[in-house]
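Report on the following structure.
The values are calculated or read from the model by the stated rules, or taken from the named source; none is laboratory data. Bear in mind that the values here come from a model prediction, so they are computed numbers and not experimental data. Don't worry about glycine lacking a Cβ; one is built from the backbone with ideal geometry, like all the others, and counts go over all protein chains shown. Please note that ligands, DNA and RNA were not included when accessible areas were found on the heavy atoms of the full protein model with its side chains. Shrake-Rupley method; radii C 1.70, N 1.55, O 1.52, S 1.80 Å.
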Amino acid sequence: MKKILVCFVVLLIIVIAFMLIRNNADESASVHTEEEIENALVKSMEETKREQKKLEEFLTKTSQELNDNGYEPVALSYSDQNLTVQVQDKAFLEANKMNIEKIIHNAAKEIGFPDLKVDYLTLDSLPALSEEEEKERESIERVYEEISALLSENGYLYYSISTNPNNEVIIEIEGTKEELKKSKEIEQLIAQTILSKTNLELDIKLRKRSESAILDQEWGPVLNAISVETEKEFEDYRGFAYSFHPEPLQIIIKTNIDSPKWFGNSDRKIDQITKYVDKIIELKREEHSVEEIPYEIIIRDKNDKKIN
């Protein structure tokens, strides 16, 4: 019995010693990593900017070349090495596909843009709107145009115009005291103008832009950098989310990491990701003069369970 107890105590001491050594090693490594993290991130973010600039140059040049060669209107969208070319119909595509692709690949080669896959979307392949749906679309478009013109004429800076099934039109404005005092007047003016020009009776609501929307815009460059730079650095990264409410700002990094286990390296990966994201926030906040607010970095494992 004594032998068993002695063996157990020795084993326990070895385990504790191992964990202490490992923790000390991790702390030493983290000091070293802390010194290198900023340089690595600055380099990565500069690379991201160069890639974005190349993309913008490529899309601008391609659009210009297509227009100059008579292929207008052709709309372009890009995502994950895929360029989607939107054209009017299949007949146009069949007649011009080869020349369009030649223009695209020549532009990419000239700018030094990486090889990409080209997909096509023809508008005639999309479900056609019914006569009623088309009339509704045109009415909404006209309503938005009228509202936009009236707001501009009356000196209102608006951020969004939206409708809901209750015949309400919600207009988000900057929300100065003077604008909010006159909100009833402009609401009535817009409603009367819309009724006289479109015969639509709508309930117009002017609202101050929400704090969440303001934070969303201010923190946009920071949040975008978190997603882009974390994906570039960590193969375990699988997604990103955030929420300003409830406070503090929750920055959620979704990973393919297993839940931490004894003698595993999951806890080290979690620590690395957390420090990396923290540094991204620091650098991007400074770059864009974003006001500091409390935030929490949450790492989720492959089962979407919080692990830090």
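Computed from backbone phi, the HN-Hα couplings of the stretch 215-225 come to 5, 4, 6, 4, 8, x, x, 5, 5, 5, 5 Hz, rounded to whole numbers (Karplus: 6.51 cos²θ - 1.76 cosθ + 1.60, θ = phi - 60°; Gly and Pro given as x).
Evaluating kT/(6 pi eta Rh) at 37 °C and 0.692 mPa s, with the Kirkwood radius of the stretch 40-170 over Cα pairs in the Stokes-Einstein relation, gives 179 µm² s⁻¹. Reported value for the stretch 84-147: 130 Å³ per residue, from the convex hull of its C-alpha atoms. The share of accessible area on the chain that comes from carbon and sulfur is 51 percent, using a 1.4 angstrom probe.
With all protein chains kept in place, the per residue accessible area of the chain amounts to 65 square angstrom at a probe of 1.4 angstrom. The C-alpha radius of gyration of the stretch 174-308, expressed as a fraction of 2.2 N^0.38 Å, stands at 1.54. Couplings 3J(HN,Hα) for the stretch 74-81, derived from phi with the Karplus relation 6.51 cos²θ - 1.76 cosθ + 1.60 (θ = phi - 60°), are 10, 9, 10, 9, 10, 7, 6, 6 Hz, where x marks Gly and Pro.
For the stretch 132-146 versus the stretch 163-185, the spacing of their alpha-carbon centroids is 20 Å.
Given +1 at the Cβ of Lys and Arg, -1 at the Cβ of Asp and Glu and no other charges, the dipole of the chain around its Cα centre is 1460 debye to the nearest 20. For helix 183-198, what angle does its Cα long axis make with the longest principal axis of the chain, in degrees from 0 to 90 and rounded to 10? Orientation of helix 183-198: about 50 degrees from the principal axis. Tell me, what ³J(HN,Hα) does each residue in the stretch 97-110 have, in order and in whole Hz, if you take phi through Karplus 6.51 cos²θ - 1.76 cosθ + 1.60 with θ = phi - 60° and put x for Gly and Pro? Here the 3J(HN,Hα) series is 4, 4, 5, 4, 5, 4, 4, 4, 6, 5, 5, 4, 5, 5 Hz.
Within the full protein context, the accessible area of R50 is estimated at about 140 Å² for a probe radius of 1.4 Å. Give, to the nearest whole percent, the P(r) tail of the chain beyond 37 angstrom, counting all Cα pairs. Roughly 46 percent, rounded to a whole number. Exceedance of the 30 Å cut-off in Cα-Cα distance is limited, within the set K279/K302; K53/K102; K54/K279; K61/K208, to K61/K208. Modelled spin labels at L150 and E292, positioned 7 Å past Cα toward Cβ, are 4.6 nm from each other. Give the range of the longest stretch in the chain that excludes all GluC sites (Glu not before Pro) found in loop regions by DSSP and having at most 15 other beta-carbon atoms within 10 Å. Here the longest segment lacking exposed loop sites spans 1-173.
Based only on Cα atoms, what Rg/Rh ratio does the stretch 27-96 have, Rh being taken as Kirkwood's radius? On the Cα set of the stretch 27-96, Rg over Rh gives 1.33. Protection proxy ranking of 86-92, 271-277, by the mean of other Cβ atoms within 10 Å over each peptide's residues and highest first, is 271-277, 86-92. Separation of the stretch 241-308 and the stretch 82-128, taken as the distance between their Cα centroids, equals 39 angstrom. Considering only beta bridges that DSSP places wholly inside the chain, some 50 percent are antiparallel. In plain terms, the chain from T193 to E94 could stretch by 31.0 nm, reckoned as 0.36 nm per residue minus the Cα-Cα distance. Each listed q (0.17, 0.18 Å⁻¹) maps to a log10 I(q)/I(0) for the stretch 109-267 from the Debye sum over equal C-alpha point scatterers, namely -1.06, -1.09.
Expressed to the nearest 5 percent, the antiparallel share of DSSP beta bridges inside the stretch 129-288 is 65 percent. Extension gain, Q52-S212: 0.36 nm per intervening residue step, less the Cα-Cα distance, totals 54.9 nm.
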